[in-house]
1. Could you check how many residues of region 42-62 are free of Cβ contacts under 8 Å to residues at least 24 places away in the same chain and surrounded by 14 or more Cβ atoms within 10 Å (Cβ to Cβ)?
2. In region 90-123, how many residues are farther than 15 Å from residue 26 by Cβ and touching a residue at least 12 places away in the same chain (Cβ under 8 Å)?
3. May I ask you to list the residues in region 105-132 that are within 13 Å of the ligand (Cβ to nearest atom) and either among the hydroxyl-bearing types (Ser, Thr, Tyr) or in a loop (DSSP other than H, G, I, E, B) (or both)?
4. Quick check on my filter: what residues within region 46-73 are at pLDDT 95 or above and in a loop (DSSP other than H, G, I, E, B)?
5. Of the residues 139, 154, 88, 102, which single one is within 13 Å of the ligand (Cβ to nearest atom) and modelled with pLDDT under 95?
6. If you go through region 63-77 one residue at a time, do you hit one that is hydrophobic (A, V, I, L, M, F, W, C), more than 16 Å from the ligand (Cβ to nearest atom) and touching a residue at least 40 places away in the same chain (Cβ under 8 Å)?
7. Take region 12-41 and flag every residue that is surrounded by fewer than 21 Cβ atoms within 10 Å (Cβ to Cβ), part of a helix (DSSP H, G or I), touching a residue at least 24 places away in the same chain (Cβ under 8 Å) and of a type outside the set (A, V, I, L, M, F, W, C).
Amino acid sequence: MYDKCVKLLQERGVTLEDIGDLVLFLQGKYHPEIGMEEIMLTVKGVVAKREVQHAIMTGILIDQIAESNFEMDEQLRMTLMNDESLYGIDEVLAYGICNLYGSIALTNYGYIDREKPGILATINEHCAQCNVFLDDIVGAIAASAASKIAHTHGK
Ligand code: MG
């Protein structure tokens, strides 16, 4: 299931290294001593959790359904394809990931979701593909890894 999720993220345009860069963005100034090796191990540890894998697969599936010819409510399809700001279910799924890593994960997620650095900016500009759930999942994984690092290093 881990390999399937890594491949799925890659097919949608996100590598684990992209997520590692987001963690560096979040934690770099607090922990300048931390290298990419530790960051990548932490990101992989987050993605290894079954609940995170379920969130990845479910969220990306909804993005893919919105893009496809699958018969769904047209209003809901347009809401997803336009990434309407009042649709907050993508954020709710992301909280499910963050909740596994405590309040620091949640605040980091809120920050990164607003700032949209790195890969988050790239996937938000992608017009042909529906990335409504993808950006929140990726942000939540990075925020959770950042929280894990903060707890491990005591700040
Ligand atoms: Mg979103």
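The values are calculated or read from the model by the stated rules, or taken from the named source; none is laboratory data. Treat the numbers as computed from the prediction; the structure is a model and nothing was measured. We place every Cβ from the backbone using ideal geometry, glycine too, and count neighbours over all the protein chains shown.
1. 1
2. The number of residues fulfilling the criteria is 8.
3. Result: 109, 116, 126, 129, 130, 131.
4. Selection gives 48, 49.
5. Working: 139 fails: modelled with pLDDT under 95; 154 fails: within 13 Å of the ligand (Cβ to nearest atom); 102 fails: within 13 Å of the ligand (Cβ to nearest atom).
Testing whether each residue is within 13 Å of the ligand (Cβ to nearest atom) and modelled with pLDDT under 95 leaves just 88.
6. No: zero hits.
7. 18, 21, 38
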